[in-house]
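See structure below.
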Amino acid sequence: NVVSFLAVFLTLNALAEGKLNKIEEDNWQDLLTGEWMVEFFAPWCPACRGLQPTWEDFAGWSEDLDIGIGQVDVTTSPGLSGRFMVTALPTIFHVKDGVFRQYRGARDMDSFISFVEDKTWTGLEPISSWKSPDSFQMSLVSYFFKLSMVLRNVHTTLTEDYQMPYWVSYVAFAVATILLGGILGLILVCCIDCVYPPRRDDELHHHVQQATRADKKDSDAEEEDDVEELEGSQDEGEEDQDTQDENLSQDEGENSQDEGNSQDEASQNSQEEGSQDESENYRSENKSRRRRARKAD
């Protein structure tokens, strides 16, 4: 009895001296300095209720271990549960100078004390930088968790306090989502117009005139090219006609020359034939004369 009384007295004394720190949205950055052991719990969680006495006893050793002991109620600080990505309860983190590690050991007093005294936490892998609770992206996640809790409280108020049907709450959320999307879209369009203002009518008209002038210049240039091509084709046609005429005249000349040559050849042949006939006649006369002379003898 005396021992139990002393234990209760020491626990109450530790709580009275503020050894168990309550971590909330406005003071969670205190965890970034020094060494801390922090538990995330919820009042409705049976495992959290079972761990509560041990955690309070462990808080009594905070001065001896030179460490801060804290608790986060996720029902009252939903943003912190999103910032630390708490998916199970209870969840315990060890923090040393802003470096976070999740404790996964046994949940008793001796294990907690030896984890800090023996510096067992040095063998654990720290949480990656992009999941660090003080990073920008995790801050955005915390805001989404806060928004979800606000929506949940609104739904509870409509259905329990005002006794409205569930479908009324769902329709109200749907209409609110559509309106919010339209408003955000309008804001986004306004921001884009401010960054990239639309062109004025004068500038647009000027650009249109320049474009039409350029088109006219291009069409004129194309027409000139067509005319040049036509003239070139006509010149080529005339040159082809001249060459054909020259070729025809040359062919006619060659034909007439061939005919003249053939006539010359015919006359030569006729002369040769005449000379041959004369020589044959002369030979036959000589033979007849010789025969006559022989007969006379």
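Observations on the model:
- Residue count for segment 132-164 under the criterion of being in contact with a strand residue (DSSP E or B) (Cβ under 9 Å, 6 or more places away or on another chain) and assigned to a helix (DSSP H, G or I): the result is 0.
- Qualifying residue in segment 53-63 (condition: in a loop (DSSP other than H, G, I, E, B) and at negative phi): yes
- A Cβ distance below 6 Å, combined with a sequence gap of six or more or placement on separate chains, defines the contacts here; from segment 136-157, residues that are on the phi > 0 side of the Ramachandran plot and hydrophobic (A, V, I, L, M, F, W, C) reach no residue that is open to solvent by 80 Å² or more (accessible area, probe 1.4 Å) and in a helix (DSSP H, G or I).
- Filter result (at pLDDT below 85 and in a loop (DSSP other than H, G, I, E, B)) within segment 165-196: Tyr196
- Test: residue in segment 14-28 that is out of contact with any His (no Cβ under 7 Å at 6 or more places or on another chain), at pLDDT 50 or above, open to solvent by less than 90 Å² (accessible area, probe 1.4 Å) and on the phi > 0 side of the Ramachandran plot: no
- Filter result for Leu89 (among the hydrophobic types (A, V, I, L, M, F, W, C), closer than 30 Å to Val150 by Cα and in contact with a helix residue (DSSP H, G or I) (Cβ under 8 Å, 6 or more places away or on another chain)): yes
Rundown of residues vs (1) among the hydrophobic types (A, V, I, L, M, F, W, C); (2) modelled with pLDDT under 95; (3) surrounded by 15 or more Cβ atoms within 10 Å (Cβ to Cβ); (4) farther than 17 Å from Ser135 by Cα, yes/no style:
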position	(1), (2), (3), (4)
Glu56	no, yes, yes, yes
Ala59	yes, yes, yes, yes
Ser62	no, yes, yes, yes
Val74	yes, yes, yes, yes
Ser77	no, yes, yes, yes
Phe84	yes, yes, yes, no
Asp97	no, yes, no, no
Arg104	no, yes, no, yes
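- When segment 88-129 is filtered for residues that are touching a residue at least 60 places away in the same chain (Cβ under 8 Å) and over 22 Å from Gly60 (Cα atoms), only Gly98 remains.
- Considering only residues in segment 145-158 that are within 17 Å of Ser77 (Cβ to Cβ) and surrounded by fewer than 12 Cβ atoms within 10 Å (Cβ to Cβ), the one that is farthest from the chain's Cα centre (by Cα) turns out to be Asn153.
Conditions (1) in a loop (DSSP other than H, G, I, E, B); (2) among the basic types (Lys, Arg); (3) at pLDDT 90 or above; (4) open to solvent by 50 Å² or more (accessible area, probe 1.4 Å), marked per residue:
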{"position": "Leu80", "(1), (2), (3), (4)": "no, no, yes, no"}
{"position": "Ala88", "(1), (2), (3), (4)": "yes, no, yes, yes"}
{"position": "Phe100", "(1), (2), (3), (4)": "no, no, yes, no"}
{"position": "Arg107", "(1), (2), (3), (4)": "yes, yes, yes, yes"}
{"position": "Ser111", "(1), (2), (3), (4)": "no, no, yes, no"}
{"position": "Val116", "(1), (2), (3), (4)": "no, no, yes, no"}
{"position": "Trp121", "(1), (2), (3), (4)": "no, no, yes, no"}
{"position": "Glu125", "(1), (2), (3), (4)": "yes, no, yes, yes"}
{"position": "Trp130", "(1), (2), (3), (4)": "no, no, no, yes"}
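The values are calculated or read from the model by the stated rules, or taken from the named source; none is laboratory data. The shown structure was predicted, so the numbers you read here are calculated from the model rather than taken from an experiment. Cβ: placed from backbone, ideal geometry, glycine included. Neighbour counts: every protein chain shown. Note: areas computed on protein heavy atoms with side chains; ligands, DNA, RNA excluded. Shrake-Rupley method; radii C 1.70, N 1.55, O 1.52, S 1.80 Å.
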